[in-house]
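These notes are about the structure you will find just below.
The values are calculated or read from the model by the stated rules, or taken from the named source; none is laboratory data. What you see is a predicted model, and the numbers here were worked out from it, not measured in a lab. Cβ sites come from the backbone with ideal geometry, for glycine too, and all protein chains shown count toward neighbours.
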Amino acid sequence: MYTKNFKKLSKENTGTAGGKGASLGEMTRAGIPVPPGFVVLAQAFDNFLEETDLGVEIEALLHKVKVKDINPIEKVSEEIRNLILSAKFPKDIAKEILIEFSKLKAKYVAVRSSATAEDSFTASWAGELETYLNTSKENLLENVKKCWASLFTPRAIFYRFEKKLNRQKVSVAVVVQKMVQSEISGITFTVHPVTKDYNQMVIEAGYGLGEAIVGGKITPDTYIVHKIKNTILDANISEQKMMVVRHGNGTKEDVVPKAKQKKQKLSDKYILELVKICQNIENYYKKPQDIEWALEKNKFYIVQSRPITTLK
């Protein structure tokens, strides 16, 4: 069994589904509006390495790494990723992934890496691994393989050594989730990340897909909300001329219509609706959360939630 539906996963499954996969399973079971999906478990990647005999080669290459010298890291990274990308995809794993994909009844999915050493307070892998949006059946297996390979980007290898994870087994699961074509998307911090005020929630919002904000391509709106009083304390509106939208099997940058460029992205009603969802997530986890959300056809979806790692 190489895959598991979100409904069958919980926070207990971090070792096989990674931090991201386990969190999405946990939220699905808690009734939080998560787009449906499944996880290609870390076992699939481990079996892939075994069936292709790549495990031993990769270990040997990693032994060449010296953290203080960046050049070997880049060279080793390229060699390992080429080995993974050029290897044959095992038929039994491919078959199971495609069966699960067909059950989603979705033309497009988001394919996200989920490292099994992910999102602990001491070693947050956030942003270290790859995500492929608007993936179709045609390039699904290729993008799963790219997620596996992203465990060995120069940044991820450096991170592994820096956090002293090189001595322990680090594997990678892959989240396959129905794609939300968001009109508006963003991030919510359930505690103010700068002032560390536990009574305040900070929401960032922008037009289009979330990668524009996550990738720092735009300056989003910022709304500050008092969690107890359920009131909007401040709304800082940013002009947005560019947004990221779906383009075939990928994304492209598009122009925001002129009439919308200077407008508030989320209405006050939507801000307070989102606050309620994010408050539920924080209450469920009993920890401040960093939440990625998307709004499509007047409905909010939560695509990720992890603990805020910067609060002390």
- Message: Given the condition under 23 Å from Gly18 (Cβ atoms), modelled with pLDDT under 95 and either among the aliphatic types (A, V, I, L, M) or part of a helix (DSSP H, G or I) (or both), answer yes or no: does some residue in the stretch 94-104 qualify?
- Response: no
- Lone qualifier among Lys276, Lys287 - being under 17 Å from Ala205 (Cβ atoms) and among the basic types (Lys, Arg): Lys276
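Just for the stretch 135-158: of the residues that are among the hydroxyl-bearing types (Ser, Thr, Tyr) and in contact with a Leu (Cβ under 8 Å, 6 or more places away or on another chain), which one is surrounded by the fewest Cβ atoms within 10 Å (Cβ to Cβ)? Let's see the steps before the verdict.
Taking the stretch 135-158 first, the residues among the hydroxyl-bearing types (Ser, Thr, Tyr) are 135-136, 150, 153.
Adding the requirement that they be in contact with a Leu (Cβ under 8 Å, 6 or more places away or on another chain) leaves 150, 153.
Numbers: Ser150: 22, Thr153: 20.
Here the residue is Thr153.
So which residues in the stretch 230-261 are outside any strand (DSSP E or B), under 26 Å from Thr190 (Cα atoms) and modelled with pLDDT of 95 or more, if there are any at all? Don't jump to the end; show me each part of the working.
First pass over the stretch 230-261, keeping only residues outside any strand (DSSP E or B): 230, 237-241, 248-249, 256-261.
Keeping just the survivors that are under 26 Å from Thr190 (Cα atoms) gives 230, 237-240.
Residues satisfying the conditions are Ile237, Ser238, Glu239, Gln240.
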- Message: Please go through (1) surrounded by fewer than 23 Cβ atoms within 10 Å (Cβ to Cβ); (2) within 25 Å of Val34 (Cα to Cα) for Thr195 and return the number of the only condition it doesn't satisfy.
- Response: (2)
- Note on the structure: Within the stretch 52-75, the count of residues that are among the acidic types (Asp, Glu) and either in a helix (DSSP H, G or I) or touching a strand residue (DSSP E or B) at 6+ places or on another chain (Cβ under 8 Å) (or both) comes to 3
- Message: For the stretch 262-273, check the following and say yes or no: at least one residue is loosely packed, with under 12 Cβ neighbours inside 10 Å and either of a type outside the set (Ser, Thr, Tyr) or in contact (Cβ under 8 Å) with a residue 60 or more places away in the chain (or both).
- Response: yes
- Message: Return the residues of the stretch 155-208 that are acidic (Asp, Glu) and either without any contact (Cβ under 8 Å) to a residue 24 or more places away in the chain or under 30 Å from Asn47 (Cβ atoms) (or both); say none if nothing qualifies.
- Response: Glu162, Asp197, Glu204
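Can you tell which of Asp92, Asp46, Asp69, Asp53 is surrounded by fewer than 19 Cβ atoms within 10 Å (Cβ to Cβ) and at positive phi? Working first, answer last.
Working: Asp92 fails: at positive phi; Asp46 fails: at positive phi; Asp69 fails: at positive phi.
The unique qualifying residue is Asp53.
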- Task: Working carefully through the options Arg160, Arg167, find the one that is modelled with pLDDT under 85, assigned to a helix (DSSP H, G or I), over 17 Å from the mean Cα position of the chain (by Cα) and not acidic (Asp, Glu).
- Result: Arg160
- Item | Odd one out for Ser120 among (1) under 20 Å from Leu54 (Cβ atoms); (2) modelled with pLDDT under 95; (3) small (Gly, Ala, Ser) | (1)
- Candidates Leu83, Leu49 - the one that is under 30 Å from Lys178 (Cα atoms) and either touching a Gly at 6+ places or on another chain (Cβ under 7 Å) or not in a helix (DSSP H, G or I) (or both): Leu49
